[in-house]
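Down below is the structure, laid out as structure tokens.
The values are calculated or read from the model by the stated rules, or taken from the named source; none is laboratory data. Note that the coordinates shown come from a computational prediction; the quantities given were computed from them, not determined experimentally. We place every Cβ from the backbone using ideal geometry, glycine too, and count neighbours over all the protein chains shown. Areas reflect the complete protein model, heavy atoms only, side chains present, ligands, DNA and RNA absent. Shrake-Rupley method; radii C 1.70, N 1.55, O 1.52, S 1.80 Å.
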Amino acid sequence: MNDLVTGVDGVTRCAWAGSDAEYQRYHDEEWGTPLHGDRPLFEKMSLEGFQAGLAWITILRKRPRFREVFHDFEPSVVARFGPDDVERLLQDAGIIRHRGKIEAAIGNAAIVAAMGPGELDALMWSFAPASHTPPATFAEVPAVTPESAALSKDLRRRGFRFVGPTTMYALMQSSGMVDDHVAGCWRAA
């Protein structure tokens, strides 16, 4: 895989952005941009969990429906979902219909709702590495780091699910805790 791709707009991006307009927008405007706030980080955690085993573009295309049926990922609302909601969500073709992932999102929401304001944000960002060297090539991008493994372990200890070390590294990348835009990409540091 080439590390970079130049779009029809003349912009050089990380190759994973490809030629899909929505993927390019996500790359240009969201991925690697520092994200703060309990609700946005809960959404990111949930969507990264739903993505496990799938391509991110699948989640990105389904994100509007996810936001609709999960009430914009407001933890206090999602935490109140019950068995009828799980069954309703399992019938919704607009999202990923995986019982374990749906139940994990609801359970994780209850944990977040029980935290103090700003606590999830502070917790997650406390695992951001003190320094990070952006990669020169995709071959240098890890799937797991000591920080993502430690974040995963801490979240699991608190009862969170679908927060494995690889999933947490993807969250760290997408929420800007690390900058993994490769050298030559217009977004690279």
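Under the classification rounded if a/c is under 1.5, otherwise prolate if a/b is larger than b/c and oblate if not, where does region 19-86 fall, given a ≥ b ≥ c as square roots of the Cα gyration tensor eigenvalues?
Judged from the Cα gyration tensor, region 19-86 comes out prolate (a/c at least 1.5, a/b above b/c).
Express the carbon and sulfur contribution to the solvent-accessible surface of the chain as a percent, rounded to the nearest whole number, probe 1.4 angstrom.
55
How much length would be gained if the chain were fully extended between Ala128 and Leu54, taking 0.36 nm per residue of separation minus their Cα-Cα distance, in nm to one decimal?
Working it through step by step, the gained length comes to 24.2 nm.
Using a/c under 1.5 as the rounded threshold, could you call region 52-119 rounded, prolate or oblate? The axes a ≥ b ≥ c are square roots of the C-alpha gyration tensor eigenvalues, and prolate needs a/b larger than b/c, oblate otherwise.
Because a/c hits 1.5 or more and a/b exceeds b/c, region 52-119 counts as prolate.
With helices defined as uninterrupted DSSP H runs, which ones in the chain have an alpha carbon span along their own long axis of at least 20 Å and mean Kyte-Doolittle hydropathy of at least 0.5?
Qualifying helices: 99-114.
Given an 8 Å cut-off on Cα distances and at least 6 residues of separation, report the relative contact order of region 1-43 as a percent.
23
So how far, in whole Å, is the C-alpha centre of region 6-39 from the one of region 123-162?
Between the Cα centre of region 6-39 and that of region 123-162, the gap is 21 Å.
So for region 122-184, averaging the separation of alpha carbon pairs under 8 Å that are six or more residues apart and normalising by length, what relative contact order in percent results?
45
Note down the relative contact order for the chain as a percent, whole number, built from C-alpha pairs under 8 angstrom at least six residues apart. Don't jump to the answer; show the numbers that get you there.
Working: 252 pairs, mean separation 55.9, N = 189.
Over the chain, the number comes to 30 percent.
Which of Pro146, Ile96, Ser175 sits closest to the plus end of the dipole of the chain, meaning its Cα is farthest towards the positive end, when Lys and Arg get +1 and Asp and Glu get -1 on the C-beta?
The residue sitting farthest along the positive end of the dipole is Ile96.
Indicate the gyration tensor shape class of the chain (rounded, prolate or oblate), computed on the Cα atoms with a ≥ b ≥ c the square roots of the eigenvalues: a/c under 1.5 is rounded; otherwise a/b larger than b/c is prolate and the rest oblate.
Verdict is oblate for the chain.
Given the rule -39500 (n - 2.57) for each run of at least 4 DSSP H residues, summed and divided by the residues of the chain, what is its mean residue ellipticity at 222 nm, to the nearest 500 deg cm²/dmol? Working shown, then result.
Working: 9 runs with 94 residues, N = 189.
The per-residue figure over the chain is -15000 deg cm²/dmol.
Which value, in Å², gives the accessible area per residue of the chain when a 1.4 Å probe is used on the protein heavy atoms?
Accessible surface, normalised per residue, equals 46 Å².
Only Cα pairs within less than 10 Å get springs; with that Gaussian network setup on the chain, which residue of Ala122, Ala93, Ala143 has the largest fluctuation?
Of Ala122, Ala93, Ala143, the Gaussian network model singles out Ala93 as fluctuating most.
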